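**Q** Have a look at this one before I ask anything.
The values are calculated or read from the model by the stated rules, or taken from the named source; none is laboratory data. Everything numeric here is computed off the predicted structure, so don't read it as measured data. Positions of Cβ are generated from backbone atoms using ideal geometry, with glycine treated the same way; all protein chains shown enter the neighbour counts. For the accessible areas, the whole protein counts, side chains as well, though only heavy atoms, and no ligand, DNA or RNA atoms are used. Shrake-Rupley method; radii C 1.70, N 1.55, O 1.52, S 1.80 Å.
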Amino acid sequence: MSFQIKNFEEYQDAYKRSVDNPEQFWGEIADNFFWKRKWNNVLNWNFSEPNIKWFDGGKLNITENCLDRHIYKNGDTPAIIWEPNDPSEAHRILTYKQLLAKVEQFANVLKNNNVRKGDRVCIYLPMVPELVIAVLACARIGAIHSVVFGGFSAQSIADRINDAECKLVITSDGGFRGTKTLELKSIVDDALMQCQSVEKVIVLTRTRTPISMIKGRDVWWEDEIKKVETQGNPACPAEEMDSEDTLFILYTSGSTGKPKGVVHTTAGYMIYTGYTFANTFQYKPGEVYFCTADIGWITGHSYIVYGPLSQGATSLMFEGIPTFPDAGRYWDIVDKYKVNIIYTAPTAIRSLMAFGDSYVDNKDLSSLRVLGSVGEPINEEAWNWYNEKIGKGKCPIADTWWQTENGGHLITPIAGVTPQVPGYAMLPLPGVQPCLMDENGKEIEGNDVSGNLCIKFPWPGMLRTTWGDHERCRQTYFATYKDMYFTGDGCYRSPEGYYRITGRVDDVLNVSGHRIGTAEVENAINMHADVVESAIVGYPHPVKGQGIYAYVIANHHIDAEKTRQDILQTVTRLIGAIAKPDIIQFVTDLPKTRSGKIMRRILRKVAEGELSSLGDTSTLQDPTVVEAIIEGSKEFK
Ligand code: WTA
């Protein structure tokens with residue numbers, strides 16, 4: 001890992017070089033990877049279309065970088081350690097050699113099932129090693145994966161499959177999560193009633209839940225592997241991909257409409273996740289690294305699969321939840337495998353904190369060297385607990401700020417190398433040029449200032465487009481400020497020049513570290529037969545970070561409690577349980593301006609309980625609406 005930054009001077013030097021001569025900087029880093037053919041240009045770009053090309057003309061396959069190139073020296077190093085949901089079930093370890101063999105084998109299964117370069121494959125699997133195998137097998141043959149998180153509903157899967165026109169789905173009979181069994185295949189069956197493009201479904205056995213297998217469409221993973229075995233040659237040569245060929249699509253919520261398919265391409269994403277993984281966590285060969293995310297989210301893509309594997313690291317993946325069988329599970333895992341680096345989310349830290357220190361105090365956590373945090377702002381109390389109780393005051397904490405669209409970390413402490421302050425994402429990584437913008441589109445210079453966070457210059461891991469709708473990509477990220485990538489986050493820059501993310505400035509919520517669009521939830525609620533109109537806002541929630549507060553105008557709610565339950569069911573069906581409102585307040589009217597726009601600012605204040613700072617309500621169509629809403633909100637305080 002010759003590009004690992006070892007001290008603050010090296011950071012300053014790398015940062016300066018990355019700004020003065022980005023092409024040379026990233027070109028030198030790219031030289032550490034395996035190319036079938038070298039690139040012509042490091043970077044061609046403009047943010048106006050946008051059109052961003054990194055390492056144009058280069059040929060490679062990301063799986064050769066994540067697997068084959070480690071085999072010679074480190075073939076017997078564990079690539080994946082898998083801890084099952086039930087601690088009494090046997091764990092599994094796949095060395096680099098074994099993982100490569102399994103990826104090649106399954107890549108041949110995909111080929112046998114008529115999947116070709118450029119085809120889209122939807123993956124809806126629990127957190128089992130076969131998920132990693134499926135992802136890498138797609139990349140091996142140049143198929144584009146679209147992983148859908150196991151918590152999403154049939155409708156959400158169908159929307160994603162149809163948007164990307166997926167040809168094949170990979171799922172399992174079911175999945176284990178704590179004491180629950182998820183019926184994944186049955187959910188896929190429901191989804192596929194709406195999907196014309198899907199020809200085949202490959203089903204992995206995990207829970208032995210009874211499921212339907214449709215002749216001609218559904219095949220078992222295990223049977224398909226047997227077929228490959230009897231065919232003789234198990235190898236599957238890596239497809240030669242262009243640097244800018246699409247690697248995967250991952251859907252994420254924005255402030256309007258349906259989730260969009262963020263498109264990441266091969267070379268830039270590979271280099272960026274590898275570079276940031278090695279640097280942020282200061283990974284050392286032989287260490288065990290545990291990221292608690294689900295591979296259904298970007299954190300899992302970049303920092304369970306591609307980043308660690310491209311660096312030859314040992315990546316621990318966990319099937320279950322932090323509170324099963326009890327709230328000490330993460331620490332049991334750290335103890336059992338002597339984990340050196342743990343990367344988790346503030347919501348998990350807060351929820352475990354609430355169970356008390358007895359679940360931590362009797363565990364041996366002395367192997368830990370670095371702690372990471374991701375997904376949402378970390379409050380000081382959670383930061384301190386993480387630092388003292390888990391890190392015993394000796395482990396640097398990397399509070400990594402980034403987004404699905406970014407591919408990898410943008411602003412974060414480099415563990416033990418650059419400074420850290422609780423609640424701050426601190427300094428940009430080399431190659432990242434952040435700036436703060438005011439409402440008039442002007443950059444805010446200097447320190448001790450706040451503004452909307454933008455990035456001025458491309459970095460290799462950034463999104464290239466949104467699937468099937470390039471204009472939407474331009475509009476969402478590149479149209480708010482000229483020649484800037486707009487993050488959607490607000491940010492404060494301290495007198496020392498440290499960055500602190502203050503949260504979304506658009507209508508996107510962050511619930512337990514999951515991005516949820518208010519418009520999406522409103523659309524789902526409005527589908528309920530009794531609902532006339534609704535408005536969603538976020539409010540501070542002690543564990544989730546933000547909770548979902550719904551104001552709903554219902555036709556007739558003679559039985560308010562029943563209607564509430566029905567609305568929750570509707571949201572669960574249309575999006576998934578993760579988008580269920582925490583509070584539903586029935587109202588007779590919503591505060592609107594004379595032009596009919598809902599004044600969310602007021603609704604937000606009421607949800608937050610900040611009634612003294614409602615601001616100007618005189619421009620409302622009917623200012624008395626606010627009184628009624630405040631009165632009704634008292635029920636939930
Ligand atoms: C928020 C997750 C504060 C932010 C990797 C961003 C954070 C959104 C942090 C992206 C952090 C993520 N501190 N806020 N360390 N990390 N966020 O796409 O609002 O699921 O825009 O990517 O999460 O969420 P996404």
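**Q** Of the residues that make up the range 15-22, is at least one part of a helix (DSSP H, G or I), surrounded by fewer than 17 Cβ atoms within 10 Å (Cβ to Cβ) and aliphatic (A, V, I, L, M)?
**A** Within the range 15-22, one or more residues are part of a helix (DSSP H, G or I), surrounded by fewer than 17 Cβ atoms within 10 Å (Cβ to Cβ) and aliphatic (A, V, I, L, M).
**Q** If you don't mind, there's one more thing I want to ask. Select from the range 410-422 the residues that are under 13 Å from THR487 (Cα atoms) and either without any contact (Cβ under 8 Å) to a residue 24 or more places away in the chain or part of a loop (DSSP other than H, G, I, E, B) (or both) and list them in ascending order.
**A** Residue satisfying the conditions is LEU410 alone.
**Q** Take the range 58-86 and flag every residue that is of a type in the set (Lys, Arg) and either within 25 Å of the chain's Cα centre (by Cα) or in a helix (DSSP H, G or I) (or both).
**A** ARG69, LYS73
**Q** Would you point out which residue out of TRP54, TRP35 is touching a residue at least 24 places away in the same chain (Cβ under 8 Å), outside any helix (DSSP H, G or I) and buried (at least 22 other Cβ atoms within 10 Å of the Cβ)?
**A** On inspection, the qualifying residue turns out to be TRP54.
**Q** To continue, here is another question. Hey, any hits in the range 71-92 for a residue that's aromatic (Phe, Trp, Tyr), farther than 30 Å from ASP469 by Cα and open to solvent by less than 60 Å² (accessible area, probe 1.4 Å)?
**A** Within the range 71-92, one or more residues are aromatic (Phe, Trp, Tyr), farther than 30 Å from ASP469 by Cα and open to solvent by less than 60 Å² (accessible area, probe 1.4 Å).
**Q** Would you say GLY356 is farther than 18 Å from PRO413 by Cβ and either open to solvent by less than 30 Å² (accessible area, probe 1.4 Å) or touching a strand residue (DSSP E or B) at 6+ places or on another chain (Cβ under 9 Å) (or both)?
**A** Taking the combined requirement at face value, the residue satisfies it.
**Q** Counting only residues that are β-branched (Val, Ile, Thr) and open to solvent by 30 Å² or more (accessible area, probe 1.4 Å), how many does the range 594-610 have?
**A** 1
**Q** Right, something else. Tell me which residues, restricted to the range 416-425, are more than 10 Å from the ligand (Cβ to nearest atom) and either open to solvent by less than 10 Å² (accessible area, probe 1.4 Å) or of a type in the set (S, T, N, Q) (or both).
**A** Residues satisfying the conditions are THR418, GLN420.
**Q** Can you tell me which of TRP331, TRP401 is in contact (Cβ under 8 Å) with a residue 40 or more places away in the chain, near the ligand (Cβ under 10 Å from one of its atoms) and aromatic (Phe, Trp, Tyr)?
**A** Answer to the check: TRP401.
**Q** Count, please, the residues in the range 423-464 that happen to be in contact (Cβ under 8 Å) with a residue 60 or more places away in the chain and at positive phi.
**A** 3
**Q** Which of the numbered conditions does ALA354 fail, given that it passes all the others? Conditions: (1) closer than 21 Å to HIS514 by Cα; (2) touching a helix residue (DSSP H, G or I) at 6+ places or on another chain (Cβ under 7 Å).
**A** The one condition ALA354 does not meet is (2).
**Q** Still on this structure: Going through the range 221-251 one residue at a time, which ones are β-branched (Val, Ile, Thr), in contact (Cβ under 8 Å) with a residue 40 or more places away in the chain and surrounded by fewer than 19 Cβ atoms within 10 Å (Cβ to Cβ)?
**A** Across the range 221-251, the qualifying residue is only ILE225.
**Q** Among the residues of the range 362-398, write down those that are within 11 Å of the ligand (Cβ to nearest atom) and assigned to a loop (DSSP other than H, G, I, E, B).
**A** Once the filter is applied, which keeps residues that are within 11 Å of the ligand (Cβ to nearest atom) and assigned to a loop (DSSP other than H, G, I, E, B), the range 362-398 yields GLY375, GLU376, PRO377, ILE378, ASN379.
**Q** Right, here's the next one. Going residue by residue through the range 524-537, is there one that turns out to be within 15 Å of the ligand (Cβ to nearest atom) and in a loop (DSSP other than H, G, I, E, B)?
**A** no
**Q** From (1) open to solvent by less than 20 Å² (accessible area, probe 1.4 Å); (2) away from the ligand (no atom under 14 Å from the Cβ); (3) in contact with a helix residue (DSSP H, G or I) (Cβ under 8 Å, 6 or more places away or on another chain); (4) of a type outside the set (Phe, Trp, Tyr), pick out the condition that doesn't hold for GLY497.
**A** Here GLY497 meets the rest and fails (3).
**Q** What number goes with the only condition from (1) more than 13 Å from the ligand (Cβ to nearest atom); (2) modelled with pLDDT of 95 or more that LEU463 does not pass?
**A** Answer for LEU463: the failing condition is (1).
**Q** If you scan the range 372-399, which residues turn out to be open to solvent by less than 10 Å² (accessible area, probe 1.4 Å), more than 15 Å from ALA348 (Cβ to Cβ) and in contact with a helix residue (DSSP H, G or I) (Cβ under 7 Å, 6 or more places away or on another chain)?
**A** Hit for the range 372-399 is ALA398, nothing else.
**Q** Are any residues in the range 175-216 surrounded by 14 or more Cβ atoms within 10 Å (Cβ to Cβ), without any contact (Cβ under 8 Å) to a residue 60 or more places away in the chain and among the charged types (D, E, K, R), and if so, which ones?
**A** GLU183, LYS185, ASP189, ASP190
**Q** Among the residues of the range 504-515, which ones are near the ligand (Cβ under 10 Å from one of its atoms) and either open to solvent by less than 20 Å² (accessible area, probe 1.4 Å) or touching a helix residue (DSSP H, G or I) at 6+ places or on another chain (Cβ under 6 Å) (or both)?
**A** Those that are near the ligand (Cβ under 10 Å from one of its atoms) and either open to solvent by less than 20 Å² (accessible area, probe 1.4 Å) or touching a helix residue (DSSP H, G or I) at 6+ places or on another chain (Cβ under 6 Å) (or both): VAL508, LEU509, GLY513, HIS514.
**Q** What residue, among those in the range 523-539 that are small (Gly, Ala, Ser) and more than 27 Å from the chain's Cα centre (by Cα), is most open to solvent (accessible area, probe 1.4 Å)?
**A** Applying the filter and picking the extreme gives ALA529.
**Q** Give, as residue ranges, the strands (runs of 3 or more DSSP E) completely inside the range 241-327 that count at least 2 residues that are under 20 Å from ARG515 (Cβ atoms), modelled with pLDDT of 95 or more and of a type outside the set (D, E, K, R).
**A** 246-252, 260-265
**Q** Looking only at the range 550-607, which residues are part of a helix (DSSP H, G or I) and in contact with a His (Cβ under 8 Å, 6 or more places away or on another chain)?
**A** THR563, ASP566, ILE567, THR570, ILE578
**Q** In the range 300-328, which residue that is within 20 Å of THR63 (Cβ to Cβ) and open to solvent by 10 Å² or more (accessible area, probe 1.4 Å) is nearest to the ligand (Cβ to nearest atom)?
**A** Within the range 300-328, the match that is nearest to the ligand (Cβ to nearest atom) is GLN311.
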